[in-house]
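Q: There's a structure below that I have some questions on.
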Amino acid sequence: MIGPLRAWRRRNARPSPRQLPVDARHVEHSAIASLDDERARPSDRLLDLALRAASRARTVSMGEVVARMKQPPYYPDVWPGEHYKLLAALVLECRPRTVIEIGTATGLSALAMQQHLPRGARLYTFDIREWSTFADTCLKREDFADGSLAQIIGDVSDAAVLRSHGELFRAAELIFVDGPKDGRFERILLQRLADLGLAGQPILIFDDIRVWNMLAIWREIGMPKLDLTSFGHWSGTGLVDWIAPAR
């Protein structure tokens with residue numbers, strides 16, 4: 001006889017990625033969920049921005065960014081499927097004076113956005129590691145020379161760290177969230193931002209919203225939002241119109 005616990009585990013076990021019915025370079029678990037019972041619907045602002053940005057992304061060049069990469073896959077040139085052209089298009093459409101990126105890593109996203117910033121605008125990229133410590137970084141010291149790009153070291157899920165940069169976040173018009181997707185960081189960050197108060201009503205861009213650990217977090221966001229995966233990252237791209245605290 002199979003015990004009740006073992007039987008439950010057998011019924012509810014998820015197959016390993018190798019058992020999934022998809023043959024691709026990178027395969028992960030995800031889920032689909034109904035939208036008729038989703039409490040947050042996209043605003044007109046999001047719908048209009050998404051349509052304009054998706055159209056503009058078709059003509060955005062990532063040649064300068066790709067030239068920094070040492071070897072393929074050349075992700076910035078993949079669109080739809082990767083988010084780099086869409087990020088650039090969002091910058092072009094929003095014309096923000098202040099952009100915040102959470103998660104510098106190798107710098108591809110920062111470079112994609114920086115080259116399309118309006119004159120005098122600044123992009124602040126946060127990470128817990130300095131950009132130069134990444135062996136495959138695409139950033140160079142001269143990228144920071146004119147002041148349009150700056151890195152800030154700190155964990156913005158820490159309340160004290162976020163408060164110390166509160167004015168910067170309150171001034172931001174675009175915030176790109178590309179954190180660890182560990183099922184914890186993004187949820188804490190959302191609450192910290194709500195506590196901080198973002199009077200500027202920025203557009204938040206979330207990466208990887210269809211990754212397993214992000215499914216519940218994305219669903220819980222109660223502000224106007226739009227899943228833009230078909231025109232962004234294959235693992236999920238979501239836009240949030242920050243008009244009220246998350247609940």
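Q: Restricting to Cα atoms and excluding each atom paired with itself, what does the Kirkwood estimate give for the chain in Å?
A: 19.1
Q: Further question: Using a Gaussian network model of the chain whose springs link C-alpha atoms within less than 10 Å, name the residue from PRO224, PRO96, PRO72 with the highest mean-square fluctuation.
A: Highest fluctuation among the options: PRO72.
Q: While we're looking at this one, here's another question. For the chain, give the magnitude of the charge dipole about the Cα centre (Cβ charges: +1 Lys/Arg, -1 Asp/Glu; no others), in debye to the nearest 20.
A: 620
Q: Accessible area of the chain with a 1.4 Å probe: how many percent of it is carbon plus sulfur?
A: Roughly 52 percent, rounded to a whole number.
Q: Tally Lys/Arg at +1 and Asp/Glu at -1 over every other residue whose Cβ is under 13 Å from the Cβ of GLU38; what's the total?
A: 0
Q: Roughly what percent of Cα-Cα pairs across segment 173-247 reach past 18 Å?
A: In whole percent, the long-distance tail amounts to 31.
Q: Calculate, in nm to one decimal, what ILE153 and GLU220 gain on full extension: separation in residues at 0.36 nm each, minus their alpha carbon distance.
A: That pair, ILE153 and GLU220, stretches by 21.3 nm at full extension.
Q: Using Cα pairs closer than 8 Å and at least 6 residues apart in sequence, work out the relative contact order for the chain, in percent.
A: Answer for the chain is 21 percent.
Q: Residues of segment 170-214 with the amide nitrogen closer than 14 Å to a label point 7 Å from the Cα of GLU28, along Cα-to-Cβ, please.
A: 178-186, 206-214
Q: With a cut-off of at most 13 other beta carbons within 10 Å, and DSSP calling the residue loop, which trypsin sites (Lys or Arg not before Pro) in segment 141-200 qualify? Please list them.
A: ARG184
Q: State in Å² the accessible area per residue of the chain; use a 1.4 Å probe, count heavy atoms of protein chains only, and round to the nearest integer.
A: Value for the chain: 53 Å² per residue.
Q: Would you list which lysines come within 22 Å of LYS140, measuring only between C-alpha atoms, while excluding same-chain residues fewer than 8 positions from it?
A: Partners within reach: LYS70, LYS85.
Q: At SER132 and GLN191, where each label point lies 7 Å from the Cα along Cα→Cβ, what is the point-to-point distance in nanometres?
A: For the pair SER132/GLN191, the computed spacing is 3.7 nm.
Q: Can you list the lysines whose alpha carbon sits under 17 Å from that of LYS181, skipping same-chain ones fewer than 8 residues off?
A: none
The values are calculated or read from the model by the stated rules, or taken from the named source; none is laboratory data. These numbers were taken from a predicted model, which means no experiment stands behind them. A quick note on method: Cβ atoms are made from the backbone with ideal geometry, for glycine too, and the neighbour counts reach across all protein chains shown. Side chains included, ligands, DNA and RNA excluded: accessible areas come from the protein's heavy atoms. Shrake-Rupley method; radii C 1.70, N 1.55, O 1.52, S 1.80 Å.
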